[in-house]
Structures are given as structure tokens and as C-alpha cells.
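Quick notes on the structure that follows.
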Amino acid sequence: MTRSIYVMAPEGHTGKSLIALGIIDALTRKVGTVGVFRPIIPEGEHDGVLEALIAQPAVDVSYDEAVGVTYDAVHTDADEALATIIQRYGALAERHDAVVILGSDYSDAGASGELVFNARVAANLNAQVLVAVSGLDRSPDNVVQLAQGTVAEIRNQHATPIAVIATRVAEASEQVYAGALADALPDLVVGVLPAHPLLAAPTFAAQMDAAGARLLVGRQEQTAQESQSVLVAAMTLPNVLQRLEPESTVILPSDRSEMIPGVLLAHASGAFPQLTGMILTGGYEIPEAVANLIGTVPLELPIALTDRGTYTTAQALSGLEGTMTSSPRKLEVGRRLFDEYVDANALLDAMEVSATNIRTPLMFEYQLTEMARRDKRRIVLPESGDERILEAASIVLRRGTASIVLLGDATDIKNRASALGFSLDGAEVVAMTDPELVERFSAEYATLRAKKGVTLEQAREKMKDPSYFGTMMVHLGMADGMVSGAVNTTANTIRPSLEFVKTKPGVSVVSSSFLMCMADRVDVYGDCAVNPDPTAEQLADIAISSAQTADAFGIEPRVAMLSYSTGESGSGADVDKVRAATEIVKEKAPQLMVEGPIQFDAAVDPTVGSKKMPGSQVAGQATVFIFPDLNTGNNTYKAVQRSAGALAVGPVLQGLNKPVNDLSRGALVDDIVNTIAITAIQAQSN
């Protein structure tokens, strides 16, 4: 049976679209397929909110499939419109385990009975209802009264409310509002989402449009950046500099062109907040000499010109709001707020959503993010010169997956990120030339490597290498883990760890595993990247480390020690090595479910497994596959990845005292984001 939830509000601008996004994410972690439906949209307008929701990776619905009727259809014949909505929803719902239904936006001036009609739709679709109420400029009592009245009206229409979420509540007062709602509506799940300046922020393009301005300097794509505040710069430059705020739009009279270079220099310097744009008022063109000077500033800032006066422009921008789902950055902030402030499990329990045994790649990626967020860790990224690293860092920061440390010059890194359109707000940048850190790290390295004859001067040379510098931060507890390898080789990434981070007690070898995300499950393959021909003892350590990796990521370890024969059927040096390794695993980790030697088909196929090893807890249901050598492991994981369309996440380095993970030099941004999450999760268990 399809479970559905109708997210509705008694008014517009409540932020219910972000609640819908959060529910989609929560459902994605529990069920196989999620649909999205919008019963009512404006006539002749493209619904950007709906477009954003159906663009989510978990949703496989076309725009036309997700639409019910228009406001005009409701005005013309409400009953006929309702019948059409029911029919279109039914066609969509039968293909999905759960459907998130997003109510109307109160964008139609003639729809006075909009709440009642939404409630009627919910009742006829047999959808449970979540009510969103805005806390903007409302006291807790006012929010409670609005919520109670809305819930009563929904029940009058024979729909079933299960939750109320107050949105746009003043930061630091969430508990007060949540307590008031819980007392007033004890039979419902309640939640509170605090206001966040980014979510309602308009883009610079929207501000230009509101001010009737045209772009003079900068690229059109730069105008898509959000503006979180407005500063009227009708004062001297020193006073303006004191009032600059991050991602602010500066309104400046165009006849004060001498101010423009000063504001641009502040934006590019790294010593002041980076801005979103500048709007010049009054219609005066920039003098040629000033225009030439602007061209020499390395970091361009979009500058627009309007014929309107300063007061009129400021008034047009005052209170201007943007759509809460208008950019990937806003979506990630909304996801993070929902995860932090709403009890998604309680909400899904109220919907009576049962977890599926299926674990899709998308579900696993969402789960990685959720696990990393629970106990946020600090991850250092040494390769800040790579655009992929900067983009991945910006995504991780938006999602709240980990705290990020970048190595390099703060001004250069932040300017480059800004020029590429990435926000590194919240990232820490550590200079590798910091004399105090250089001396501390060099002295530590020289001490640790004294038996190898390393001098202090040689240690200083080593600390010029970002891999050594970043690894030393991990060793000294200044970071919880490191991710590298987008630029450097695997050897260069791992070597510092082997020299002074060392392996865990009882582990003889550093190894790797891949998290192989199949269509319906996640398996662990080891070792596919590090050890060419491990001994029986090393193979046993690889198996135990891989089982620990599986357990860390919520995979019950059932370990298959792979070979070309199963059980006692074969002999030879290769089979004997696997047989010996299996016995060592049983001795060192008797609690593990392990079988070997075993062939791949007997390990993965229940029918073959029951024939070749009847009664085995591993045969036919293995989750951890240990390959006898690198040749077999590397080729197998790539064959499965390419032929079965599996998502291979990794390699995950295992056995080190502290997590350091290697990237492929061809890694995509998504690969880097996932590896950072994996490293953060590994760090949680240290």
C-alpha cells in the first residue's frame, strides 16, 4: 500500500517546500521508490518548486505526471477538478511506495477557500496531513492558535493531520515554540525549523530586476548568487568597510565613483567579507579611468546600474525574498535544518512507513550523510588547488557532513572558490608556511623518525609536502581524518601515514575495501587497491578490517574468503593460503561469520550456496568478499562496477590508527564528497 503525506499550510511563504524536501530524504532512507505530486498550480506558469522536488535523485516522476490541475480549473468546477486530481494522483501513486504531496501556495488572489480545498483533496487521496505554519513575526501563542485552527479545519474536511511544523522561527527560541505546540497538540508530531537568512535570500539577479538595473561589470552567471543583506553606502569608505557583511549587496550612488575601487578591493582582499554585488543608483556611467582601474582587480564583482535614486532602490530591495528551493545551496541548508530539528523517524512512524530490506545506492549515500552528521568530525583536505576539492568542500559544508580544513593561502583559496561560484563559509584555511606549525610538525616528525636518521632540516623539507603536513595534523589531533589523492598518487597519500600514524594494534597491514552499491544492497570488497599478493596472515587481517568497515557502515558482516574452489574440494598453494587465512580469522575474531575457501557464486547465490555449503551462515548471503590477491580484486570490482552498473565507493583505507583515505586522480566531485563522509564516519569510532 502506498503511503502518502500532504504538506499544506494556511497561507503562503511558510517554507513547506523545504519540509517536503526533508520528507523526501527521510523516505528515501526507508523505502525503494518515492513520488511527488502537486495537486494545484497556477495557470500558464512553470512551477519552480515542483521542478526542484522532482529533480531530487530519489524521485522518478516527470513534471507532467506530478501535476494535478490549475487554479482556473478549480474556479471553473471544483468537483470536476477534484476528480481529475484523484485520477492523476492514482496513476502516479501505483508506481511508488510513498508519495509526498505539496499543497498550493496561495498565489491566486481569488482562492479564499484554498485551505478547505487542500483539505478536501487530502481526504480524497487518503493522504495524511502535515501542517506548516510560519512563526515569522508571531509569538508562540499566535503560532499555536493558527496551528489549532488549521488542524480543526482539516479535520472538518475529514482529513487526518499527523504533524505540525512551525517554520521561520527566531533562532534560539525553537524549544519555546516546540513546547507550546506539543502542549497544545499532544496527539500530533511537532517540530520547529529556525529561520535562516539564506533560505529567504533573493539572488542578485532578482535584486537587479526589482531595482530596474542592468549589468555593467561581471558575468551573468554571477548574478545567480544569493544576497543575504543590503547596505546603503552613503558614507565615507572607512565607515562602509566597518559595515560590510558576508554576501551583502552594496547600494552606492553612481556619482561617487571613487568609492567603487575601495569596495572592490575590500571584496578581493580576504580581510573583509566577500560580497554578492553592487548596485549603482542615479544612472551615471562609470568614468573611464575608474572603469580601467576596476579591470585590474583580480576578483570581479557584479556591478549593476539603475536610473532610480538611492532611497527608491533601497525600498525596492527591502523585504525582497527568494524562493526557498531556488538553488542547490538552499536545498542543502534546508535538508540540514530538517535533519537537525525534525524527528523524521517519529514522522515516518506516524505515517506507518515500514522500512524495506532493499538498500539502493541512493539510500546508502543519504545514510552516509546522516551518519556523518550525527557526530561531526574535522577532515583536512591538502589539495586545495584542485577545483573538484573546492566544490566538494562547499557541498560538504552545506550538508553539514563534516568540518573542513583546507591547506594553503586563505585569500587565494577563498577568492578562487568565489570566482568558481563555491561558498567555503565555515571552512578553516591553514597556511603551510605558518612558522609555529612548521617548527612543531618538523620537530615531531624528526623525533618519530630519529631511528631512520631524519634530521630537523630534513623534517622541515618533508613538511613542505601537503600530504605530510595534513597527515601530521591528523597525527597530532588537529584534524580527525584526511582525504587526498585527487592530485597526488596513492603512494604519496599513504606513505606519511605508514611512517608515523601507523597501523592499529594487532593489525599487520594497511589494506583497502570498496563499498559496492548494487541495485538493492551494499557489499564490501577487499582488498582491491593496495596489497598485490598478501600472505595468509595479511589476508586474515584484511578480512577482519573489511568486516569492521562493513559494521561501521551498517552492513552485517558475513565474510567470504574467495578462491577458485569451495570447502575441501580443491588444493594447491593459492587455495591453501585462503584456507589458512580463514583459520586465522576464526582464531583472531571468533565472533565473525566467515567461510572459506569459497567460490564467488557460492558466496552470493543462495541456491548455489545451499548446494555447495548447506547450513552455512555465509554461503549464498555473504556481504564481505575477500579476494586472494590484488589482480583478482581490482579486476572483479571494476567488472561488477561496469557490467552491473554498481556504484563503487572507495577505496576505503583500513587498519590505520587514524583515518586517511585516498582518491583516484580521476575522482568526480561526488566521489570526493562520499569519501569525506566515509572518513568522518571512520573517525567517529576512533
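Restricting attention to region 102-122, the residues being open to solvent by 10 Å² or more (accessible area, probe 1.4 Å) and modelled with pLDDT of 90 or more number 4. When region 322-354 is limited to residues that are at pLDDT 85 or above and open to solvent by 70 Å² or more (accessible area, probe 1.4 Å), the one that is farthest from residue 5 (Cα to Cα) turns out to be 340. Return the residues of region 63-92 that are out of contact with any strand residue (DSSP E or B) (no Cβ under 8 Å at 6 or more places or on another chain) and closer than 15 Å to residue 122 by Cα; say none if nothing qualifies. 78, 79, 82, 83, 86, 87, 90 - these are the residues of region 63-92 that are out of contact with any strand residue (DSSP E or B) (no Cβ under 8 Å at 6 or more places or on another chain) and closer than 15 Å to residue 122 by Cα.
The rows are residues; the columns are (1) open to solvent by less than 10 Å² (accessible area, probe 1.4 Å); (2) in a helix (DSSP H, G or I); (3) among the hydrophobic types (A, V, I, L, M, F, W, C).
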position: 26; (1), (2), (3): yes, yes, yes
position: 30; (1), (2), (3): no, no, no
position: 37; (1), (2), (3): yes, no, yes
position: 44; (1), (2), (3): no, no, no
position: 63; (1), (2), (3): no, no, no
position: 80; (1), (2), (3): no, yes, no
position: 83; (1), (2), (3): no, yes, yes
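Considering only residues of region 163-178 that are among the charged types (D, E, K, R) and surrounded by 15 or more Cβ atoms within 10 Å (Cβ to Cβ), which is farthest from residue 3 (Cα to Cα)? Taking the candidates together, the pick is 174.
When 471, 447 are screened for being within 17 Å of residue 510 (Cα to Cα), of a type in the set (Val, Ile, Thr) and in a helix (DSSP H, G or I), only 471 passes. Against the criterion of being modelled with pLDDT of 90 or more, surrounded by 23 or more Cβ atoms within 10 Å (Cβ to Cβ), of a type in the set (A, V, I, L, M, F, W, C) and within 30 Å of residue 395 (Cβ to Cβ), residue 624 qualifies. Quick check on region 421-441. Is at least one of its residues buried (at least 17 other Cβ atoms within 10 Å of the Cβ), among the aromatic types (Phe, Trp, Tyr) and within 22 Å of residue 471 (Cβ to Cβ)? There is at least one residue in region 421-441 that is buried (at least 17 other Cβ atoms within 10 Å of the Cβ), among the aromatic types (Phe, Trp, Tyr) and within 22 Å of residue 471 (Cβ to Cβ). Out of the residues in region 260-293 that are of a type in the set (A, V, I, L, M) and open to solvent by 20 Å² or more (accessible area, probe 1.4 Å), state the one that is nearest to the chain's Cα centre (by Cα). Filtering first and then ranking leaves 271.
A count restricted to region 541-575 and to residues that are open to solvent by 10 Å² or more (accessible area, probe 1.4 Å), closer than 18 Å to residue 631 by Cβ and in a helix (DSSP H, G or I) stands at 2. Just give me the residues in region 652-686 being surrounded by fewer than 20 Cβ atoms within 10 Å (Cβ to Cβ) and either assigned to a helix (DSSP H, G or I) or at pLDDT 90 or above (or both), in sequence order. If the condition is that a residue be surrounded by fewer than 20 Cβ atoms within 10 Å (Cβ to Cβ) and either assigned to a helix (DSSP H, G or I) or at pLDDT 90 or above (or both), then 657, 669, 670, 671, 684 are the ones that fit.
Scan region 183-194 and give yes if some residue there is in a loop (DSSP other than H, G, I, E, B), of a type outside the set (Asp, Glu) and open to solvent by 40 Å² or more (accessible area, probe 1.4 Å), otherwise no. Yes, some residue in region 183-194 is in a loop (DSSP other than H, G, I, E, B), of a type outside the set (Asp, Glu) and open to solvent by 40 Å² or more (accessible area, probe 1.4 Å). Selection within region 164-182: residues that are part of a helix (DSSP H, G or I) and not aliphatic (A, V, I, L, M). The member of this set that is farthest from the chain's Cα centre (by Cα) is 179. If you go through region 195-210 and keep only what is in contact (Cβ under 8 Å) with a residue 60 or more places away in the chain, open to solvent by 20 Å² or more (accessible area, probe 1.4 Å) and in a helix (DSSP H, G or I), you end up with 206, 210. Quick one: would you say residue 578 is under 21 Å from residue 637 (Cβ atoms), hydrophobic (A, V, I, L, M, F, W, C), modelled with pLDDT of 90 or more and more than 39 Å from the chain's Cα centre (by Cα)? Yes, satisfied. Within region 145-162, no residue that is over 14 Å from residue 190 (Cα atoms) and open to solvent by 10 Å² or more (accessible area, probe 1.4 Å) sits with its Cβ atom under 7 Å from a residue that is modelled with pLDDT under 95 and of a type in the set (Ser, Thr, Tyr) at 6+ positions apart or across chains.
Residues in region 371-403 that are in a loop (DSSP other than H, G, I, E, B) and within 26 Å of residue 489 (Cα to Cα): 377, 382, 383, 384, 385, 386, 401, 402. Being in contact (Cβ under 8 Å) with a residue 24 or more places away in the chain and either more than 30 Å from residue 627 (Cα to Cα) or aliphatic (A, V, I, L, M) (or both) is a property that holds for residue 466.
Taking each residue of region 601-616 that is over 11 Å from residue 560 (Cα atoms) and part of a helix (DSSP H, G or I) and looking for partners that are of a type in the set (Val, Ile, Thr) and open to solvent by less than 30 Å² (accessible area, probe 1.4 Å) with beta-carbon atoms closer than 6 Å, six or more apart or interchain, yields 612/566. Of all residues in region 131-144, those that are out of contact with any helix residue (DSSP H, G or I) (no Cβ under 9 Å at 6 or more places or on another chain) and touching a residue at least 12 places away in the same chain (Cβ under 8 Å) total 1.
Note on region 627-647: among residues that are part of a loop (DSSP other than H, G, I, E, B) and not charged (D, E, K, R), the one that is modelled with the lowest pLDDT is 645.
So that you can scan it fast, the table gives a plain yes or no per residue for (1) within 19 Å of residue 208 (Cβ to Cβ); (2) without any contact (Cβ under 8 Å) to a residue 40 or more places away in the chain; (3) in a helix (DSSP H, G or I):
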{"position": "267", "(1), (2), (3)": "yes, yes, yes"}
{"position": "279", "(1), (2), (3)": "yes, no, no"}
{"position": "283", "(1), (2), (3)": "yes, yes, no"}
{"position": "286", "(1), (2), (3)": "yes, no, no"}
{"position": "289", "(1), (2), (3)": "no, yes, yes"}
{"position": "293", "(1), (2), (3)": "no, yes, yes"}
{"position": "296", "(1), (2), (3)": "no, yes, no"}
{"position": "308", "(1), (2), (3)": "yes, no, no"}
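Every condition in (1) touching a Leu at 6+ places or on another chain (Cβ under 9 Å); (2) among the aliphatic types (A, V, I, L, M); (3) open to solvent by 10 Å² or more (accessible area, probe 1.4 Å); (4) under 27 Å from residue 493 (Cα atoms) is met by residue 516 except one, and the failing one is (3).
The values are calculated or read from the model by the stated rules, or taken from the named source; none is laboratory data. Quantities reported herein were computed from a predicted structural model and do not represent experimental measurements. Cβ sites come from the backbone with ideal geometry, for glycine too, and all protein chains shown count toward neighbours. Accessible surface areas use protein heavy atoms only, side chains included; no ligands, DNA or RNA. Shrake-Rupley method; radii C 1.70, N 1.55, O 1.52, S 1.80 Å.
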